[in-house]
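Enquirer: Structure incoming, see below.
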Amino acid sequence: FSVVDAKEKHKDILNVAHRGASGYAPEHTITSYKMGEKMHGDYIEVDLQMTKDGELIAMHDETLDRTTNGTGQVKDFTLEEIKQLDAGSWFNEKYPEQAKAEYEGLQVPTLEEVFETFGKNANYYIETKSPEVYPGMEQKLVDVVNEYGINKDKLLVQSFSSESLLKMNEIDHSVKLVQLLDYTSPAELTDKEVQSIKQYAMGIGPNSDMIDQEYVQKAVQNGLEIHPYTVNEKEEMQKLIDWGVTGIFTNFPDLLHEVIKGK
Ligand code: G3P
Ligand code: CA
């Protein structure tokens, strides 16, 4: 394609700061999310888990073990207990070259704290994680979104669980949804899948390493947004953009920004 086409193509690629700028700071901390914004991330990606007392918190895993100094299942601890934990020191130990003293003792944020910090008009890309473990998670999410007056035009909700997305759709039809997909072998998108997903979602989020140009174009030609995850190398970002993806999840939003700007 021509240079003009390439520029057009690059214009609206969504830069999704995956767990914040999680290549540089402990994932799912306010610090990581702020860094994501600073590094030109368009969206703050938030994975949700739910505490024993029904509060939504930003955390990827169902257990506390990897990203805090606690152990056990999130669902077995109250928010007050989880708030005592250190959600930053693990990062300094695992990535000494990126370590910073200020990461020590960072707290696990609640979804409410994320909304308080970044406001009604930020772009949030929120994932309902393990919805089968947390009955009522979707209703709670919609309640918090409404309570904080979050601008729904800028909100995206994603899940690997189509049941969870259908529930979201039922509770609040105005929330835009993205179906996550996890392929373990080269991916193909059938007409049947496209039609079924289009009933409730505006886009798909496949893992980036099993898709090809044909896959991307099939999604785009059928009017689906396509945001592959998780892409941390500039060369891979460029390839996906050339194939026609409409957004990318990355731990390094600064690198994606450079690729989008053609640097
Ligand atoms: O949400 C896109 C991507 O984050 C899905 O994988 O495991 O990082 O939540 P995961
Ligand atoms: Ca996620």
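The values are calculated or read from the model by the stated rules, or taken from the named source; none is laboratory data. Small disclaimer: the values here were computed from a predicted structure and weren't measured. Cβ: placed from backbone, ideal geometry, glycine included. Neighbour counts: every protein chain shown. Just so you know, the surface numbers come from the protein's heavy atoms only, side chains and all, with ligands and any DNA or RNA stripped out. Shrake-Rupley method; radii C 1.70, N 1.55, O 1.52, S 1.80 Å.
Enquirer: Write down the percent of antiparallel bridges among all DSSP beta bridges whose residues are both part of the range 38-157, to the nearest 5.
Expert: On the way: 5 of 13 bridges.
Counting DSSP beta bridges with both partners in the range 38-157, the antiparallel share is about 40 percent.
Enquirer: Distance cut-off 19 Å, Cα to Cα: go down the list Lys75/Lys152; Lys129/Lys167; Lys52/Lys176; Lys218/Lys239; Lys120/Lys152 and report the pairs above it.
Expert: Correct reply: Lys75/Lys152; Lys52/Lys176.
Enquirer: Quick check: convex hull of the Cα atoms in the range 180-232, volume per residue, rounded to a whole Å³?
Expert: Per residue, the Cα convex hull of the range 180-232 comes to 74 Å³.
Enquirer: Follow-up question, since we're still on this one. Which value, in Å² and to the nearest 10, is the accessible area of Phe160 when all protein chains are kept and the probe is 1.4 Å?
Expert: Looks like 90 Å² after rounding.
Enquirer: If you look at just the Cα atoms of the range 138-226, how large are its Rg and its Dmax in Å?
Expert: Rg, Dmax (Cα atoms, Å): 14.0, 42.
Enquirer: Give me the Debye-computed log₁₀ of I(q)/I(0) at q = 0.16, 0.19, 0.20 Å⁻¹ for the range 39-157, equal point scatterers on Cα only, no solvent, two decimals.
Expert: Cα-only, vacuum Debye calculation for the range 39-157: -0.80, -1.07, -1.15.
Enquirer: What is the Cα radius of gyration of the range 80-133 over 2.2 N^0.38 Å, N being its residue count?
Expert: So the Cα radius of gyration is 1.41 times the expected 2.2 N^0.38 Å.
Enquirer: May I pose another question? So, by mean Cβ neighbours within 10 angstrom, what's the order for 85-91, 109-115, 219-225 with the highest one leading?
Expert: Highest-to-lowest ranking by the protection proxy: 85-91, 109-115, 219-225.
Enquirer: How far is the Cα center of the range 118-143 from the Cα center of the range 156-234, in Å?
Expert: Centre-to-centre (Cα) distance: 18 Å.
Enquirer: Turning to a different aspect of this structure: For Met168, what charge total do you get from the other residues with a beta carbon under 11 Å from its beta carbon, if Lys and Arg give +1 and Asp and Glu give -1?
Expert: Once positives and negatives cancel, what remains is -2.
Enquirer: Taking 8 Å as the Cα distance limit and 6 or more residues as the minimum spacing, I'd like the relative contact order of the range 124-263 as a percentage.
Expert: Over the range 124-263, the number comes to 16 percent.
Enquirer: Can you tell me the FRET efficiency between Glu147 and Tyr200 if r is taken as the Cβ-Cβ distance and R0 is 22 Å, rounded to the nearest 0.05?
Expert: On the way: r = 24 Å, r/R0 = 1.09.
Given R0 = 22 Å and the Cβ-Cβ separation, E is 0.35.
Enquirer: Among the DSSP beta bridges whose two residues both lie in the chain, what percent are antiparallel, rounded to the nearest 5? Let's see the in-between values first.
Expert: Details: 5 of 31 bridges.
Taking every DSSP beta bridge within the chain, about 15 percent pair in antiparallel fashion.
Enquirer: Now a separate question. Assuming R0 = 51 Å, what is the FRET efficiency of Ala101 and Tyr183, from their Cβ-Cβ distance, to the nearest 0.05? Don't skip to the answer; put the middle values down first.
Expert: On the way: r = 40 Å, r/R0 = 0.79.
The calculated FRET efficiency here is 0.80.
Enquirer: Using Cα pairs under 8 angstrom and six or more residues apart, how large is the relative contact order of the range 145-227, in percent? Kindly include the intermediate steps, with their values, before the conclusion.
Expert: On the way: 104 pairs, mean separation 21.6, N = 83.
Relative contact order here is 26 percent.
Enquirer: Further, regarding this structure: I need to check one value: relative contact order of the chain, counting alpha carbon pairs closer than 8 Å and at least 6 residues apart, in percent.
Expert: Working: 529 pairs, mean separation 52.9, N = 263.
Value for the chain: 20 percent.
Enquirer: Cα atoms only: what Rg and Dmax, in Å, come out for the chain?
Expert: Radius of gyration, then largest Cα-Cα span, for the chain: 18.1, 57 Å.
Enquirer: I would also like to ask the following. As a test question: what accessible area, to the nearest 10 Å², does Thr246 have when a 1.4 Å probe is rolled over all protein chains in place?
Expert: 30
Enquirer: How about Lys154: which aspartates and glutamates have a C-alpha closer than 15 Å to its C-alpha, ignoring those fewer than 8 places off in the same chain?
Expert: Within the straight-line limit of under 15 Å, Lys154 reaches these aspartates and glutamates: Asp12, Glu37, Asp42, Glu45, Glu127, Asp172, Glu225.
Enquirer: So if I restrict to the alpha-carbon atoms in the range 44-104, what is the Rg, and what is Dmax, the biggest pairwise distance, in Å?
Expert: When restricted to the Cα atoms of the range 44-104, Rg and Dmax are 12.1, 37 Å.
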